[in-house]
There are 2 protein chains.
Amino acid sequence: MSTHPITLTDRVRALTSRFMQRAGAFLHRLGIHPDVITIAGLVVVVIAAVPIAQGDHPLGALLLVLGLPLDALDGAVARAMERKDRFGGVLDSTLDRYADGIIFAALAYFFAVRDEYVYFLLALAALNGSFVVSYVRARAGEADLSVKVGLFSRMERLAVLLIMFLIPGLLIPGLILLAVGTNISAVQRLWYVRRHLDR
Amino acid sequence: MSTHPITLTDRVRALTSRFMQRAGAFLHRLGIHPDVITIAGLVVVVIAAVPIAQGDHPLGALLLVLGLPLDALDGAVARAMERKDRFGGVLDSTLDRYADGIIFAALAYFFAVRDEYVYFLLALAALNGSFVVSYVRARAGEADLSVKVGLFSRMERLAVLLIMFLIPGLLIPGLILLAVGTNISAVQRLWYVRRHLDR
């Protein structure tokens, strides 16, 4: 029932898997629980949200980049533990939703204090779109359908965010791309569910 | 594995089920597809968002109330069709997420234009909390666990919204209740998942 297009997430995973496996085993020997790494990843995003809200976007991007390895390490440590860790998976993807929400809320704040309400609304559209892209996947998963179609899954969203925060002049184009792209991805996923369930 | 506390949703459903069954059969005979009703429900929320953003909260609440029956009718028509409608279920809950997001985005806008940034952030906290409450349920459902714990599922959130929009003086207390309550519910659900998966 499911298709598996190769996403940016898959590529990054393939490139870093050997290293992550070793790092995961190492942290596991140190006695560090994967859930602690997951939570630390969210804390880094909360810290990054402050300069993003205040308008120092390159610093925000830098902090987000520093936090990125944590996103992969929690899974690596969980695998090193060699036991089922379904709760860890739920915690990880749930905190990813908070992370998305906090980044876009910080961006919405940045535009609101400058009275730039069109961009403000685009930031909230990107927030809603990002959430729904992930929600449709989980909700369809509940009905036993694996939905990975759509361009803007988490890695792609993060890549666009980093580029728009780091390169001058790309903040607004990136924002428009995210606001439109995430919502199109959401509709794509719904459409995929429609074609693959009940008919 | 799952517990079924009686929620506000259950109560409302029980009270209106006989009527909804008849209305559903009637609309089905008229040839109206449940997905059309689901989408119409979201359109009403989009219309309600305008007065909410502009500060006419009683009018926003009135429009939300007028849209409420649509929320139940789509399911009733689907049942009258007597066929599996798993896509309809996914569409319904996905558009509920957009509806939540749009209402809280409108409220965030209302506070932002008044430079009330603490309330603005509370509205966004309520938005994120509402999303995550529903996300954890779907994500845990993917792992075959039914999670319905937590006080602030959709009906309860809507009830608080209507009360705070309609009764003068309750806007801010209601907002605080939603910002805190939804996020506590999210943590409650995560905790429930932790206790019931993998151990």
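Read the figures in this text as sums done on the coordinates, not as results from a lab. What you see is a predicted model; the values in this text were computed from it and never measured. Note: ideal-geometry Cβ built from the backbone for every residue, glycine included; neighbour counts use all protein chains shown.
For B:VAL77, the conditions (1) touching a Pro at 6+ places or on another chain (Cβ under 9 Å); (2) part of a loop (DSSP other than H, G, I, E, B) are fulfilled apart from (2).
Each row is one residue, and each column tells you yes or no for (1) within 14 Å of another protein chain (Cβ to nearest Cβ); (2) within 27 Å of B:VAL65 (Cβ to Cβ); (3) surrounded by fewer than 19 Cβ atoms within 10 Å (Cβ to Cβ).
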residue	(1), (2), (3)
B:LEU122	yes, yes, no
B:ALA126	yes, yes, no
B:GLY129	yes, yes, no
B:ARG137	yes, yes, no
B:GLU142	yes, no, no
B:VAL147	yes, no, no
B:LEU151	no, yes, yes
B:ARG154	yes, yes, no
B:ARG157	no, yes, no
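Among the residues of the range B:159-168, none qualifies, meaning not one is within 11 Å of chain A (Cβ to nearest Cβ) and touching a residue at least 40 places away in the same chain (Cβ under 8 Å). For A:VAL44, the conditions (1) of a type outside the set (Asp, Glu); (2) more than 20 Å from A:ARG157 (Cα to Cα); (3) surrounded by fewer than 21 Cβ atoms within 10 Å (Cβ to Cβ) all hold with the exception of (2).
Screening the candidates B:ARG79, B:ARG114, B:ARG83 for the property of being facing another protein chain (nearest Cβ under 10 Å), farther than 23 Å from A:PHE131 by Cα and surrounded by fewer than 19 Cβ atoms within 10 Å (Cβ to Cβ) yields one hit, B:ARG83.
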